[in-house]
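Notes for the one structure printed next.
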Amino acid sequence: MTDTSTVASRSRMALAALLFGSVCISGSPIFVRLSEVGPMTTAFWRVALALLPLIVWTRMTPPADPVRPQTFRDRFLLALPGVFLAGDLAAWHVALHVTSVANATLIANMAPIFVTLGSWVLFRAHVSRLFLAGLGLAFIGIVTLKGGPMALGNGDVGGDLLAILAAIFYAGYILTIGRLRSRFSTMTIMLWSTSSAAVCMLPIALVFEQGFIPVTLFGWAILLGLAFFSHAAGQGLIAYALAFLPPAFSSLTLLSQPVVAALLAWMVLSEPVGLLQAIGGIIVLAGIMVARRG
């Protein structure tokens, strides 16, 4: 009985961490919009500066029983999520400049579909019909939130394909972290994946963009907020939650990000939230609740 209550308590704590991590990540579009440097450079500073709080936290709270990577395979697997994350960020930012914002945002949010397929094909994870129903309902909510099917007609095929690639990269990020959490601590995974993402993003930022260094304190404050709040806190909480929750459900719960992002854009950037967006947000949350029961 005690074991059952302990598992239930850990599951509730993990779900709370996942939801709060999603809220933290939801603020990233606001930071990117306000950044003084280009989107690729912003993505580099996001992961590079996030190493600062991660290193400090690791020094302050060493794990009681640390498991360190021993082989080349361990190090490769720990670096792999960062490669996927860098690919996601690069493809996503390019897609935003090639296709319509509605298309890029909607298609990139297809990541839970690829996570579910990957979990089933690669790891033979059980996927219930009720979970699939919740996934479909949440996806309908995202379409509604972004303006309905009529808002998706102004895209570009190449940009849409890049957005699909971003969704696949993010699915790879979630799946690899989900597998690594059975062996390594949250901080170990975050340090390795964040470092590898920074290494991957640096040449992309230097080659494709100018203005590598922010010129004002406000510019640095935006990058620090993005790094500390959205990445270190947001991705750290998600990595923690993946030790206790299935990757498919975790990725589906992250569909709450567009809902929170719309609310933040309304509060910070004074962007209007209409009736259609409100209905879409409610449908997304309903879909997540249905999937949770599955």
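Top to bottom by accessible area (1.4 Å), largest first, where do Met13, Met190, Met289 land? List each step's numbers first, then the result.
Details: Met13 110, Met190 0, Met289 130 Å².
The most accessible residue leads, giving Met289, Met13, Met190.
In square angstrom, rounded to the nearest 10, how much accessible surface does Ile140 have for a 1.4 Å probe?
Estimated to the nearest 10 Å², Ile140 gives 90 Å².
Kindly sort Glu209, Glu36 by accessible area of their heavy atoms, largest first, with the probe set to 1.4 Å.
Working: Glu209 40, Glu36 80 Å².
Putting Glu209, Glu36 in descending order of accessible area: Glu36, Glu209.
Could you derive backbone 3J(HN,Hα) for the stretch 130-139 from the dihedral phi with the Karplus parameters 6.51, -1.76 and 1.60 (θ = phi - 60°), listing whole Hz in sequence and x where the residue is Gly or Pro?
Here the 3J(HN,Hα) series is 5, 5, 4, 5, x, 4, x, 5, 5, 5 Hz.
Using only the heavy atoms of the protein chains and a 1.4 Å probe, how would Phe228, Phe208, Phe184 rank by accessible area, largest first? Don't skip to the end; give the middle numbers.
Numbers: Phe228 85, Phe208 155, Phe184 5 Å².
Largest accessible area first, the residues go Phe208, Phe228, Phe184.
Need the full-extension length gain, His126 to Val67, defined as separation in residues times 0.36 nm minus the C-alpha distance. One decimal, nm. Walk me through the numbers before you get to the answer.
On the way: separation 59, 0.36 × 59 = 21.24 nm, distance 2.89 nm.
Here the segment from His126 to Val67 would lengthen by 18.4 nm.
The values are calculated or read from the model by the stated rules, or taken from the named source; none is laboratory data. Note that the coordinates shown come from a computational prediction; the quantities given were computed from them, not determined experimentally. Protein only, heavy atoms only, side chains kept; ligands, DNA and RNA dropped before computing areas. Shrake-Rupley method; radii C 1.70, N 1.55, O 1.52, S 1.80 Å.
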